[in-house]
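Shown next, in structure tokens, is the structure this report addresses.
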Amino acid sequence: MFHGSGLFALLLMVLEWTRPGLSSPLRPICDLRVLDHYIKEAWDAEAAVRACKDDCSSATNFTVPLTRVDFDVWEAMNIEEQAQEVQSGIHVLNEAISSLQAFNQTDVIQSNIDATIRNIVSIRQVLRSLSIPEYVPPTSGGEDKEMQKVSSVSELFQIHVNFLRGKVRLLLASAPVCHQGVS
Amino acid sequence: MRKMRSDGLTVVFMLCLAFVTTGGKSFESTVSQLLRDETEDLKCFVVGKKDLTCFWEVEEARNDQYTFMYSYENEKKTPCVVSSRFLLASNKTVFFCKLPKTIFFAALDVQVFRDGRTLYNRSLRAENILFVDPPRNLTVMSSGKEGQLNVSWLPPPLKYMDDSMIYEVRYAVDGSHMGKVEEMMASTTLVLRDLQSGTRYKVWVRVKLDGVSYKSYWSSWTDPVFADTLPSGIDPLIVLLVLFIGLILCLLSLTVILSHHKVLLKKLWPDIPTPEHKFPGLFTVYKGDFKEWMSQNNGSMWGRSVHVFTEELPSHVEVLSEVSLTSHGTSPREERKPVVEVEESERTDSGLMGGWREPPHAQWLMEQLRALQENPESLSQSTLLQSHDTYVALNQNSQHVEEVAERQEDDVFEETLPLQTLFTTEGTSSLSASHSDLGSLPQSSGSGRLSSQSSFEYPNHTWPPKGCGYTYMAVADSGVSMDYSPMSSSRNTELGKHGIYTNEYKNEIFGKWPFSSQHVESGY
């Protein structure tokens, strides 16, 4: 019995050490047409939700990232700051859209919510391929300067589209991995 | 020192003036284009990533007070300074406001007030109203292939937006108003195909953003670039193939010609028929002494000749007028060729064999042959004597002669035309004959009445006009001819001396005259 438990412990240690479950590094996805594909899907979702007015109202407010981009300010930021802003915004957006699933929605809205969630997962994979570290904003009680409040589902999807078109795309376009071969 | 300072200020002023002028010109052109393209009354555009300008047009420049207010999402309303400019090109006045800051991917609300009242109110987004410059360095060159041109250009310098551009290439024949448009996605080169060869083309390009992340108006067209397509030329490979095939065909034709040169030569350049084979030994043994030859061969000559005749192919016979023969400076006697066996077709063989009698003027005929032998050049002198077919002048048969003699002396005289064998041309081909024509030969034309049973044909259309001293008739197949020449007294006398020659050979065609034309023509 001792030998069995000892062997089992040894096996766990070896597995923990090697971590065979880890996937190989992703190839960098520098082609912005990939992101454009997800942006187009976000446009479709936003258009579908825009047509829904009464059925898409919500009693709660959603915390969403700011989508505005001032190029003077953006270009003054370094890549880490840009990455942090983008990753925190994606995190917040994902939480806001996921919270919609708790409400009874129409089939059309529900399908668009599911598509948007899959969309965000794919974009996170793209960011991971560019070696952009993930960032989870701290859950502080105070207001975040880069966050805002929206009250409707259509606004939530609009924020999603504009966030992808703006900050996410700018970050991918200037990813250091994609410019390593260019002097 | 003061002078240097003033000079420096002057330079700075001039530079600023130039910059403003250039920028102003660009502003005017942009405004002019948006006045055409933008449907909103309050028109706004973003140039680059920082300059957002809104303007509106007024018909009459009055002293109105305009107020411009703008606010980005979650911000307060902020006023903007309003300016005006007179457009010389359109003779209009525009008021505009250039926002101090431009925020992308955020909602922007703008309002225009005139004398305290809202004139315009619009909500827009900066990333959707971009105004891009036209493409740069447009180059058009021939691709080296017929009907193709290579077009290339550079995108306008817009950071972050290079891969979001759509291009439109317009091309047209120089001088033509009809053009075609090609759309390109994120590519700065294009090959124009299926163009006219050797033609001058004009090419323009413009650009806009695709609208996925950024959206813009169409830029203005570039200045046209001219290029010529290659002239149509023959592919050298095709030329080589054509030459090679031509060479092979020439060799093949040469081979065929050489292998059949004898046959072809005979067809194209037939030998001059000579009577030697008809008179075996006449010219070799007896040196042309016909009397001697006749005496040696006795009466079997004609039969043999007839037999020979039947074996040979029928030849074209043409009748010559005696008058024309006389007019050519040779005596009728001399012009009359030596008696050559008239080649008859097979259908006339029986007639010849059955009814051929020794002509009474055989002696005269022999003399004609001798004359021919003595004067061979007389053959070439006659215009008719260009070919080498046999001519035979035939008078009426004995039966008809008897009938005619009872009627008229002239008829008898005409019927007593001796048989004449002449060398004739083979000119006439399409012959037609009618039985009725035979009996209706007008004497006034100088031709003898022909009522023989010989099968001959003459073309009615070739009947010579009156007064023509020379007539001839091409006779086919039968090998005999009728002399339709006007009879002179001397000639008549001469003929009378030789008596009447009758040709009584049977001729199957005689009974087939209504169909003889077809028959004879087919025989050709």
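Every number in this text was worked out from the coordinates using simple rules, so none of it is lab data. Being a predicted model, the structure only gives us computed values, none of them experimental. Positions of Cβ are generated from backbone atoms using ideal geometry, with glycine treated the same way; all protein chains shown enter the neighbour counts.
Quick notes
- GNM result for chain A, Cα springs below 10 Å: residue of A:GLU81, A:GLU155, A:GLU134 fluctuating most strongly: A:GLU81
- Whole-number percent relative contact order across segment B:176-289, with pairs defined as alpha carbons under 8 Å at least 6 apart: 17
- Under 5 Å, built H, 5+ apart or other chain: amide partners of B:LEU119: B:VAL112, B:PHE113, B:ARG114
- The distance separating the Cα centre of segment B:87-110 from that of segment A:84-111 comes to 36 Å.
- When segment B:25-177 is described by a simple charge dipole with +1 on each Lys and Arg Cβ and -1 on each Asp and Glu Cβ, the residue from B:GLN148, B:MET69, B:CYS54 located farthest towards its positive end is B:MET69.
- With 25 Å as the limit on Cα-Cα distance, the pairs of B:LYS43/B:LYS76; B:LYS145/B:LYS208; A:LYS149/B:LYS159 that go past it are B:LYS145/B:LYS208; A:LYS149/B:LYS159.
- Principal-axis tilt of helix A:32-50 within chain A, Cα atoms, nearest 10 degrees: 50
- Per-residue Cβ neighbour rank within 10 angstrom, fewest leading, B:MET161, B:MET178: B:MET178, B:MET161
- Taking A:ILE120, A:ILE97 and counting other C-beta atoms within 10 Å, the order from fewest to most: A:ILE120, A:ILE97
- Segment B:149-213 - convex hull of alpha carbons, volume per residue in Å³: 86
- Other protein chain Cβ atoms within 10 Å, averaged over every residue that makes up B:120-131: 1
- By the beta-carbon count within 10 Å of each Cβ, the least crowded to most crowded order of B:PHE131, B:PHE113, fewest first, is B:PHE113, B:PHE131.
- Relative to one another, the C-alpha centroids of segment A:121-173 and segment B:164-180 are positioned 42 Å apart.
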